[in-house]
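The values are calculated or read from the model by the stated rules, or taken from the named source; none is laboratory data. Since we're looking at a predicted model, the values are computed, not measured. All Cβ positions, even for glycine, are placed from backbone atoms using ideal geometry, and neighbour counts span all protein chains on display. Surface accessibility is based on the protein's heavy atoms, side chains included, excluding ligands, DNA and RNA. Shrake-Rupley method; radii C 1.70, N 1.55, O 1.52, S 1.80 Å.
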Amino acid sequence: MGLDVSEYQGSISWEKIDSLESKYPIHFVFVRATVGNDRLDKGFEKNWLGAKKNKMIRGAYHYYRPNENSLEQAALFIKTVHLREGDLPPVLDIEKLPKNQSLSRLKIGLKRWLVAVEAHYKVKPIIYTGEKYYEDFLKEEFSDYLFWIANYNFYREEMDENWLFWQFTEKASVPGIKGNVDVNIYNGDLQQLRFITIEF
């Protein structure tokens, strides 16, 4: 099990985070780092350090704004996030469609971000999106990337084999965090999760 957090979770007591419902250990966390081409998540630094101190496997993600320059967005993420050995690959979070550009321009921008970030960290990023967005816009052209998919439908009992992570709820309650938090499952065991972390 794992979480993903941002400034919306407020001040997190990382030392209290250990399990969901006292029985499912929490092993990893994705922390929002940057938004668009100009905004840092207000909680990033504290959450990034807190997760490490709590011995969680951590990853950082960028919230992509379709109507802003993709390379400027990549540069902001690279400047903000210093990945260490044992961290998860960087994540591109894409949820919105562009307002003033075509879908093909959006895909060019996404690819530019992914290529720039991979060139810097020497590891292929993961793409986060909703299941419908994935099916409609990304599944075919971005098939060489690993996906972290959001799907909160109760009828789905298991993860699609093509998904690396599944965000199955946004309404979980976890000790150390006030209010709701997203919870994710990794498609594999803890040893396999460690296998995809960064090595230098």
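What to note about this one:
- Ligands, DNA and RNA left out, the accessible area of the chain computed with a 1.4 Å probe is 50% carbon and sulfur.
- Exceedance of the 29 Å cut-off in Cα-Cα distance is limited, within the set LYS111/LYS171; LYS52/LYS171; LYS122/LYS178; LYS55/LYS107; LYS16/LYS122, to LYS111/LYS171; LYS122/LYS178; LYS55/LYS107; LYS16/LYS122.
- For LYS42, a cut-off of 14 angstrom between C-alpha atoms picks up these aspartates and glutamates, skipping any fewer than 8 places away in its own chain: GLU7.
- Enclosed volume per residue, in Å³, of the convex hull spanned by Cα atoms of region 45-85: 76 Å³
- DSSP beta bridge pairing in the chain, given as percent antiparallel to the nearest 5: 30 percent
- Here the Kirkwood formula puts the hydrodynamic radius of the chain at 17.1 Å, using every distinct Cα pair.
- Here the 3J(HN,Hα) profile of region 136-149, calculated from phi with Karplus coefficients 6.51, -1.76 and 1.60 at θ = phi - 60°, is 7, 10, 10, 3, 7, 6, 10, 5, 8, 9, 8, 10, 10, 10 Hz, Gly and Pro shown as x.
- Residues whose placed amide H lies under 5 Å from that of ASP41, excluding near-sequence neighbours: THR34, VAL35
- Peptide packing for 167-180, 76-89, 186-199 was compared via the average number of neighbouring C-beta atoms within 10 Å per residue; ordered from the highest value, the list is 76-89, 167-180, 186-199.
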